[in-house]
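The structure appears below as structure tokens.
The values are calculated or read from the model by the stated rules, or taken from the named source; none is laboratory data. From a predicted model like this one, the values you see are computed outputs, not experimental measurements. Note: ideal-geometry Cβ built from the backbone for every residue, glycine included; neighbour counts use all protein chains shown.
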Amino acid sequence: MTTPTPPPAARWLPSNTFSGQTALVTGGGTGMGLEMSRGLAALGARVIVASRSVEHHAPLLAEAAERGWHVESRALDVREAADVEKLALELDEHGGVDILVNNAAGNFVCPAERLSARAWRSVLGIVLDGTFYCTRYFGRGMIARGRGQVLNVVATYAWTGMAGVVHSASAKAGVLAMTRTLAVEWARHGIRVNAIAPGPFESEGAAGNLWPEEGMKRRIEEQIPLGRFGSAEEMATHALYLLSPACAYVNGECFVVDGGLSLGRGMWQPGERRDGGTRA
């Protein structure tokens, strides 16, 4: 009998990296969240995927049954504090959560002057409020047990800014501040809090909301020094690394994985020839 090939994100760490640990991944049924869930499960964790649409969990649950992973599904709207608290109390009765990945998000491009109050509140509710509610309620159990870690998914425009996403940028900036604040506040409880800032990666959801036309995607690729989009697997690989014992001394950090997109490009580009001008 051949050993099943591990998912790409799990190939770089020992197979027992997360054995004996329970991980909860919000928005863990699609995109980067799915690949993080797959990687955690392949590396020995009991994984609980939580999102509003549980039908998104079906492919992962089927794969888990085939591979012998321990994966569970929960319906959860992270914007509802009472629902988050209820799930946290339920899981605390069965050992609690060792790893919390705040991945649930909402985003779309809209000029600020046309952004409705409802749209603003929707994105802030999922990204900022939801991250805080999950971190607070699941963090209480971590504090009681004296161990745990939180990984938040942010974006580089939280500090660079980007036109068209004032709602998401504001929310992600708040999450980044929350990451660094709790890294200091909760370290004494044995809890690490870090963040990862993915760049553009191949994703149906992101494509539909952020670059629905092929020409838009090409323009973004032209701005990436490495010249390509990443993959959900690549993003998840670095998330797993941050959660692994290899990063046990990393706390309050935000790991950028964007092919160099957020770096300044300057006025001169490689390959351009500049003639004339004053020379020293």
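Filtering the stretch 1-44 down to residues that are assigned to a helix (DSSP H, G or I) and either of a type in the set (Ser, Thr, Tyr) or within 14 Å of residue 244 (Cβ to Cβ) (or both), which residue is modelled with the lowest pLDDT?
Looking at the filtered set, the residue picked out is 9.
Yes or no, residue by residue, for (1) polar (S, T, N, Q); (2) over 30 Å from residue 19 (Cα atoms); (3) buried (at least 17 other Cβ atoms within 10 Å of the Cβ); (4) touching a Lys or Arg at 6+ places or on another chain (Cβ under 7 Å):
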| site | (1), (2), (3), (4) |
| --- | --- |
| 89 | no, no, no, no |
| 92 | no, no, yes, no |
| 116 | yes, yes, no, no |
| 122 | yes, yes, no, no |
| 127 | no, no, yes, yes |
| 130 | no, no, yes, yes |
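Just for the stretch 96-114: of the residues that are in contact with a strand residue (DSSP E or B) (Cβ under 6 Å, 6 or more places away or on another chain) and under 18 Å from residue 140 (Cβ atoms), which one is surrounded by the most Cβ atoms within 10 Å (Cβ to Cβ)? Can you show your working first?
Taking the stretch 96-114 and keeping what is in contact with a strand residue (DSSP E or B) (Cβ under 6 Å, 6 or more places away or on another chain), we get 97-104.
Remaining after also requiring under 18 Å from residue 140 (Cβ atoms): 97-102.
Details: 97: 27, 98: 21, 99: 23, 100: 27, 101: 30, 102: 28.
Within the stretch 96-114, the match that is surrounded by the most Cβ atoms within 10 Å (Cβ to Cβ) is 101.
Return the pair list, or none, for Cβ contacts closer than 9 Å from residues in the stretch 1-30 that are aromatic (Phe, Trp, Tyr) to residues that are assigned to a strand (DSSP E or B) and at pLDDT 95 or above, at least 6 apart or on different chains.
The qualifying pairs are 18/46; 18/47; 18/99.
For the stretch 223-237, state whether one or more residues are at pLDDT 90 or above, in contact with a Ser or Thr (Cβ under 7 Å, 6 or more places away or on another chain) and part of a loop (DSSP other than H, G, I, E, B).
Within the stretch 223-237, not a single residue is at pLDDT 90 or above, in contact with a Ser or Thr (Cβ under 7 Å, 6 or more places away or on another chain) and part of a loop (DSSP other than H, G, I, E, B).
Would you confirm, using the coordinates I've provided, whether residue 124 is assigned to a helix (DSSP H, G or I), closer than 20 Å to residue 161 by Cα and among the hydrophobic types (A, V, I, L, M, F, W, C)? Spell out how you get there, then give the answer.
Working: assigned to a helix (DSSP H, G or I): yes; closer than 20 Å to residue 161 by Cα: yes; among the hydrophobic types (A, V, I, L, M, F, W, C): yes.
For residue 124, the condition - assigned to a helix (DSSP H, G or I), closer than 20 Å to residue 161 by Cα and among the hydrophobic types (A, V, I, L, M, F, W, C) - is met.
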